[in-house]
Structures are given as C-alpha cells and as structure tokens.
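Structure record follows, encoded as structure tokens.
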Amino acid sequence: MTSRVIALDLDGTLLTPQKTLLPSSLEALKRAQEAGYQLLIVTGRHHVAIHPFYQALALDTPAICCNGTYSYDYHAKKVLEADPLPADDALKLITLLDEHDVHGLMYVDDAMLFERPTGHVIRTRNWAQSLPEAQRPVFTQVASLRDAAREVNAIWKFALTDEDSVKLNHFASHVEETLGLECERSWHDQVDIARRGNSKGKRLTQYIESRGGSMSDVIAFGDNYNDISMLEAAGIGVAMGNADDAVKARANVVIGDNTTDSIAKFIYTHLL
C-alpha cells in the first residue's frame, strides 16, 4: 500500500471503553509516524476534550472536531476552517429541545454548555476527573442555553442524549425535517446535530486536498455512524469490530474491536 495518512476516530475506535489508549496502538502509530505516515484525529469531540490523546500521540497536525464542523490548530490555539451553526438555527433547535424535553449539550467556542447534568455530561465529567486539571474538558452549567447561544462567538454542534433511543431517533428525524440540520448518531444514546453539509469525510477531504494530497492515500479508522462519511471517502476505510453492521458494510475492511490490539495488528500487517 502507498497510503501515507492515517485518520483516527477516538471514541469506540482508538479509545477503549475506559477512554484510554492501548499501549500497542500508541507504539504502532509511533512507528507509522517514523515511517512517514501523517496522523490525524477526526472526532465528534470538542477540541477541549481531546488534550490527553493529542499529546500522547505527539501530533503536530490539526484536529478535525465536532464531526467536521471545524479544524483546530493546537499549537497556535486557533480555529482554522469552520462552518458553525447559525445562531438562529441554534435558537430554533433549543425551542424544540424544550418542547420535547430532550437534553442538549451545546458545544461552543472553547467550552461545552449545559442546563442540567445528564447523559453525556455525567459520563464525560466522570472520565475527566481522572485527568490532570490542565487536560480536563471545559463544561459550564448555564441557566439558559438560549441566552448563552446569543452571547458566544461560534456554536459548533449540539450533542443530544436520552435514555429512550426511539424517542431520540424520532426527535432527530423531526429536526432534520423542520430545521434542515445534520443529525448523526455518535454513541448508543447520543445524536449530534450540526450545520447541514458538515461531516468528517468532507472536512478531512478538504484538508487532504488543500495540501495537494488525495483521499486515495488515506486510511481511516472508525466505528459509528458519524464515521461513515470518512470511511467511504478514504482510500481504505477500516471499521472496528464493535461497530454496528450498517457501519461495517460501508467500510473496506473490518478488524477486531477497540479492546484488542486490532489497530496495531492492521498497521504492522498492511502499512509497515
């Protein structure tokens, strides 16, 4: 193979269920870098929630965040390319969240805002407590998402959570039909909502082509529905064994799950 870029989703892919990096993956990716491969994180996360992984991988590339809504230069500490949600669309979405009693975590500027701590907030805050303070993601509780949406500079996406997955899916469909926004499932109880047209595949393609590269030279690893655009756009799309069958069907290769050395084995067998 001649692919020279490795694009990596985090949750459910490079990370274990405990949100840790396998030593085998770190070593294999380090060897890939030494062999000339460029590594890119392409995630649904906010850039404030990937500090430990970016640093552990010793990256110097931009991170593609919030399902392709923007790319972020960690070293310059600035957003590069971005297509945030228009404030009017965010306000309309907040109205629907209130009407349907669905929890929404709003990703903005350099923080994630919420009104009540449920679902994704609790899960991520519990994980964050194990990190050094400088690496902890920024969560801020606000009295009103509506008021906050009027005050921030950029709204990247909303992460919606509900224990009732049927209710959540119906709500996402309603949002797509009424507001024309992009809804993608990124976890078993989470749907991400962003500006229509934003996707991991689109932002990754823009980055690669802006540097004179080709997506045929990209290997992408992912596990969830928000990874499908990236898996399909890459020269080689690699789905994890823990992915849903619908995601596996859109990949070129299926490997083991995210608790095993499957990423490392793929790199040693096919890339080095």
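Details
- Prolate/oblate/rounded call for the range 39-142, Cα gyration tensor, a/c under 1.5 rounded: oblate
- Each of 272, 137, 120 was scored by the projection of its Cα onto the charge dipole of the chain, and the greatest displacement toward the positive side belongs to 272; charges sit on the C-beta of Lys, Arg, Asp and Glu.
- When 4, 203 are arranged by Cβ crowding within 10 Å, least crowded first, meaning fewest neighbours, the order is 4, 203.
- Taken about its Cα centre, the chain carries a charge dipole of roughly 700 debye when the Cβ of each Lys and Arg holds +1 and the Cβ of each Asp and Glu holds -1.
- Phi to ³J(HN,Hα) by Karplus 6.51 cos²θ - 1.76 cosθ + 1.60 over the range 216-233, Hz, x for Gly, Pro: 5, 9, 10, 10, 10, 10, x, 9, 10, 4, 6, 9, 4, 4, 6, 4, 6, 6
- Span-like helix ranges in the chain, DSSP H, alpha carbon extent 18 angstrom or more, Kyte mean at least -0.5: 87-100, 165-179
- Calculated P(r) tail over 25 Å for the range 87-194, as whole % of Cα pairs: 17
- C-alpha center-to-center spacing [the range 158-201, the range 86-114] in angstrom: 12
- Ordered from longest to shortest, the equivalent ellipsoid semi-axes for the chain are 30, 19, 18 Å, each the square root of 5 times a Cα gyration tensor eigenvalue.
- Global geometry of the range 217-261, whether rounded, prolate or oblate, following the gyration tensor of its Cα atoms and the 1.5 cut on a/c: oblate
- Size of electric dipole in the range 134-208: Cβ of Lys, Arg +1 and of Asp, Glu -1, about Cα centre, debye, nearest 20: 440
- Note on 65, 183: ascending count of other Cβ atoms within 10 Å places them as 183, 65, the fewest first.
- Farthest positive-ward along the chain dipole, Cα basis, beta-carbon charges - from 12, 75, 255: 75
- When the Cα positions of 96, 165, 243 are compared along the charge dipole of the chain, 243 comes out farthest toward the positive end, with charges on each C-beta of Lys, Arg, Asp and Glu.
- Taking Cβ atoms as reference points and 11 Å as the exclusive limit, the residues near residue 117 contribute a net charge of +2, counting Lys and Arg as +1 and Asp and Glu as -1.
- Among 216-228, 97-109, sorting by the average number of other beta carbon atoms lying within 10 angstrom of each residue, highest first, gives 216-228, 97-109.
- Relative contact order (percent, whole number), the chain, Cα cutoff 8 Å, 6+ residue spacing: 22
Every read-out reported here was derived from the displayed coordinates using simple, explicitly stated rules and does not represent laboratory data. What you see is a predicted model; the values in this text were computed from it and never measured. Positions of Cβ are generated from backbone atoms using ideal geometry, with glycine treated the same way; all protein chains shown enter the neighbour counts.
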